[in-house]
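Take a look at the structure set out below.
The values are calculated or read from the model by the stated rules, or taken from the named source; none is laboratory data. Owing to the predicted nature of the structure, the values given are computational and were not obtained by experimental measurement. In this analysis, Cβ positions are derived from the backbone assuming ideal geometry, glycine residues included, and neighbour counts consider all displayed protein chains. These accessible areas exclude ligands, DNA and RNA; they are computed on the full protein's heavy atoms, side chains included. Shrake-Rupley method; radii C 1.70, N 1.55, O 1.52, S 1.80 Å.
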Amino acid sequence: MPLADLLLPFLLTLPAYVANPMAVLFGGGTPMDFDRTWRGRRVLGDGKTWRGFFGGAGSGLVLGALLTALWNSGSEIPLWATERLLLAFTILAFGALLGDLAAAFVKRRLGLERGAKAPGLDQFDFLFGALLLLLALDPRFFAATYLSGDRIYGLLLVILITPALHRAVNLIGFRMGKKKEPW
Ligand code: CTP
Ligand code: MG
């Protein structure tokens, strides 16, 4: 199996991996639910802020633009392909934080306080948010990136390494004092 098939899905997913922790660095200020409650509980909670959302997604976007520029410098790619790539990176970056929001919504409905552990949800919310939004908005790009030929093994690799990566990045954030819990 060509190494590129194994590594490309991960490289192309990087904007999602970066958007999630960058939301922690940017976070703070007005909560996205404006303190509103639903059925006696916060809609999303204080852990989801506008600054975190746009700071995180924006950071993912910046990385996406850098990756695109890097790609272009290696081998000139046509303008339509450049645009396609940028669009996909944008979807992945915003999808990651939308997945994070969806998970917070679910956690609040389950009665879990902000920051409470939700195994599975905490590790995968951003990844599945990103992948599902890309699948919904650009299914052809999704299929070419993650499903064609041996790329599916690259997708499996992405899914398999996510819990460990998530854990490592959160530990760093925790040690830096940026994150209240190490998960
Ligand atoms: N954060 C933010 N805005 C976002 C996402 C994250 O401000 N849209 C910041 C918050 O300071 C949050 C921290 O990043 O506390 C850690 O993110 P996360 O673990 O996703 O949130 P939790 O605090 O665990 O809250 P929840 O239980 O709702 O997931
Ligand atoms: Mg958390």
Per DSSP H run of at least 4 residues, take -39500 (n - 2.57); add these up for the chain, divide by its residues and hand me the 222 nm value, nearest 500 deg cm²/dmol.
-> -24000 deg cm²/dmol
Heads up, I need the accessible area for Val106: 1.4 angstrom probe, whole protein in place, Å², nearest 10.
-> 60
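At a 1.4 Å probe radius, carbon and sulfur cover how many percent of the accessible area of the chain?
Numbers: 6800 of 9860 Å².
Answer for the chain is 69 percent, counting heavy atoms of protein chains only.
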Which aspartates and glutamates, on any chain, are close to Lys117 with Cα under 15 Å apart, when same-chain ones fewer than 8 places away are left out?
-> Asp100, Asp125, Glu181
Between Ala65, Ala93, Ala81, which gets the highest mean-square fluctuation from a Gaussian network model of the chain, Cα cutoff 10 Å?
-> Ala81
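About its Cα centre, what dipole magnitude does the chain give when the only charges are +1 on Lys and Arg Cβ and -1 on Asp and Glu Cβ, stated in debye to the nearest 20?
On the way: 19 positive and 13 negative charges, 177 e Å.
With Lys and Arg at +1 and Asp and Glu at -1, about 860 debye.
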Under 15 Å from the Tyr153 label point (7 Å along Cα→beta-carbon), backbone N, segment 10-38 = 10
What accessible area, in Å² to the nearest ten, does a 1.4 Å probe give for Trp71?
-> 90
³J(HN,Hα), Karplus 6.51/-1.76/1.60, whole Hz, each residue of segment 100-112, x for Gly, Pro | 5, 5, 4, 5, 5, 4, 5, 4, 5, 5, 7, x, 7
Using the heavy atoms of the protein chains and a 1.4 angstrom probe, tell me the accessible area per residue for the chain in square angstrom.
-> 54
Pick out which of Gly29, Gly47, Gly55 has the largest mean-square fluctuation in a Gaussian network model of the chain, springs linking Cα atoms closer than 10 Å.
-> Gly29
